[in-house]
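Data first, discussion second: the structure below is written as structure tokens.
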Amino acid sequence: MNKKRSMPKMFWEIVKATFFAVIICSIIIFSLSFFLDKTWGKFFIQLLCTVVSGGILYTTLWYYGDREKNFVQFGRMQEDLNWGLKVGLVGMLFPMATSILLILAKILNIPDLVLFYKLINPQINILINLFVPTVDTNSFGFLQIFLTMLLYLYVPLFCALGYRLGYARISLSEKLVYMKKDSKEQEQQEKPKKSFVQRLMYKDEKEEK
């Protein structure tokens with residue numbers, strides 16, 4: 001019996017991942033808010049939020065890629081290497097839908113909607129400020145709103161990457177751990193071993209001190 005992929009199920013997974021990312025990124029911005037008056041601080045916070053929100057999506061799709069690899073190998077599912085990208089493109093519609101708030105704010109001239117939009121999008125908040133610098137609806141136009149909508153392309157990017165690497169069973173976290181272990185082992189090997197005479201001399205020096 002062949003298993004079928006479910007887009008509604010995966011869309012719900014993206015919704016849950018987005019909510020989780022919003023909570024974590026909100027905590028990050030609140031905790032590091034004293035850095036927001038510095039350019040490097042804004043860059044660091046946005047980088048951290050991107051890694052966190054993207055990492056949550058990546059991990060979710062990596063799991064499904066690894067899982068579906070087994071189904072494909074046993075002939076229970078057809079191979080679709082672009083499944084992660086498809087899920088990401090559909091999933092990005094959920095956070096992108098919040099851009100309606102900007103459109104309504106612009107048309108109806110309601111600054112509070114701009115503020116609310118920024119609050120519910122902490123994962124790209126710093127980047128949003130590049131196009132929508134203030135809550136004043138005169139500070140941005142429909143072109144800027146369109147550009148903010150393009151920011152949500154990070155969703156299919158991380159989803160596609162996670163699914164592909166999961167399907168190939170390539171774990172970036174394990175590779176980083178192995179790299180650290182290899183570097184430590186190399187350092188230990190490079191340290192010259194002291195001869196018996198050298199150890200005696202070093203011992204004598206310590207006693208003299």
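The values are calculated or read from the model by the stated rules, or taken from the named source; none is laboratory data. Computed from a predicted model, the values in this text were never measured in an experiment. Counting neighbours? That spans all protein chains shown, and the Cβs are built from the backbone with ideal geometry, glycine included. For the accessible areas, the whole protein counts, side chains as well, though only heavy atoms, and no ligand, DNA or RNA atoms are used. Shrake-Rupley method; radii C 1.70, N 1.55, O 1.52, S 1.80 Å.
Observations
- Accessible area of E79 in the full protein assembly, 1.4 Å probe (Å², nearest 10): 110
- Charge tally in the Cβ shell below 15 Å around K69, where Lys, Arg are +1 and Asp, Glu are -1, K69 excluded: +2
- Cα-projected label distance for S139 with D80, points at 7 Å along beta-carbon direction, nm: 4.3
- Using a cut-off of 24 Å between Cα atoms, the listed pairs K38/K106; K16/K86; K9/K42 include K38/K106; K9/K42 as exceeding that distance.
- Relative to the 2.2 N^0.38 Å rule of thumb, region 2-88 has a C-alpha radius of gyration ratio of 1.43.
- When peptides 105-117, 34-46 are sorted by average Cβ neighbour count within 10 Å, with the highest value leading, the order is 105-117, 34-46.
- Remark: region 148-161, residue by residue, has Karplus-estimated 3J(HN,Hα) of 5, 5, 5, 4, 6, 5, 5, 5, x, 4, 6, 5, 5, 5 Hz, where x stands for each Gly or Pro and the curve is 6.51 cos²θ - 1.76 cosθ + 1.60 at θ = phi - 60°.
- Between V72 and I110, the contour length at 0.36 nm per residue exceeds the Cα-Cα span by 8.5 nm.
- When you count the other C-beta atoms within 10 angstrom of each residue and take the mean per peptide, 6-12, 83-89, 146-152 line up highest first as 83-89, 146-152, 6-12.
- Computed extension gain for N129 through I100, at 0.36 nm per residue and net of the alpha carbon distance, reaches 8.8 nm.
- The tail of the calculated P(r) for region 96-168, taken as Cα-Cα distances beyond 17 Å, holds 43 percent of the pairs.
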